[in-house]
Amino acid sequence: MTRSNSLHEIPDPVRDVRGRMTVSPGSTISAAFRRPGRLRREDCSIDDFRASVQARTTDLADYPHAAAVERGVLLYDGDLAVKVRDPQTRPEVQTETSAR
């Protein structure tokens with residue numbers, strides 16, 4: 001049995017002899033079933049990536065600890081080091097600077 005997502009027909013996974021999740025031999029394996037961080041050429045589209053990046057905007061108001069935004073890149077100044085050492089502001093800074 002297969003189910004569909006926007007990229008591929010994905011076969012229902014089965015367990016191999018060691019109990020690991022797998023799909024039937026010869027099947028198209030989507031990124032969901034491969035090791036994270038490993039992409040194949042056919043998983044990627046430079047046109048989709050370009051459209052995604054060009055559509056993004058970075059609003060300084062969304063990042064209260066940032067000093068500025070230049071060409072869509074957040075810039076932080078030396079005050080950030082002080083804020084990270086302060087137990088009161090550290091969680092806020094960590095949340096803001098972690099990947100979104």
Review point. Which whole-number percentage describes the relative contact order of the stretch 58-97, with Cα contacts under 8 Å and a sequence gap of 6 or more?
Key: 29
Review point. So for the pair residue 42, residue 94, with labels modelled 7 Å out along Cα→Cβ, what separation do we get in nm?
Key: 4.2
Check your understanding: In bins 5 Å wide, starting from 0, what share of all Cα pairs of the stretch 58-97 does each bin hold, as a percent?
Key -> 6, 26, 32, 22, 11, 3, 0
Practice item. Please work out how much length the chain gains when fully extended from residue 74 to residue 62, using 0.36 nm per residue of separation minus the C-alpha to C-alpha distance, in nm with one decimal. Key: 3.3 nm
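FYI, it's all coordinate maths here, none of it is from the lab. These numbers were taken from a predicted model, which means no experiment stands behind them. Cβ sites come from the backbone with ideal geometry, for glycine too, and all protein chains shown count toward neighbours.
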